[in-house]
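Everything on this sheet refers to the single structure shown next.
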Amino acid sequence: MNPFDDPDGTFLVVVNDQNQHALWPTFAPVPAGWHEAHPAAPRDVCLDHIERTWTDLAPGGTARHADPATG
């Protein structure tokens, strides 16, 4: 089983400098360029946190800064 799909696993939510969020298993070191944004919790809790907080999926939140005239 892929450790990212383990329903019984414990995970972190990590975020990079482009404000992209990821589910990360606690047994693996957080990769360079990412930092912990939610403490260790069950998978469904972390996925809920990502769904509630990562609302702009464009890297760096560029969608909210785009010029409406140019897209």
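Rule-based calculations on the coordinates, nothing more; no lab input. These figures come from a predicted structure and were not determined experimentally. For neighbour counting, all protein chains shown are included, and Cβ atoms are generated from backbone atoms with ideal geometry for every residue, glycine included.
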Go through segment 29-42 residue by residue and turn each phi into a ³J(HN,Hα) via Karplus (6.51, -1.76, 1.60, θ = phi - 60°); whole Hz please, and just put x for glycine and proline.
x, 5, x, 4, x, 10, 9, 5, 10, 8, x, 3, 7, x
Under the rule of at least 5 residues apart or a separate chain, name every residue whose amide H is placed under 5 Å from the amide H of residue 19.
60
Cα→Cβ-extended label distance, 7 Å offset, between residue 56 and residue 4, nm:
2.4 nm
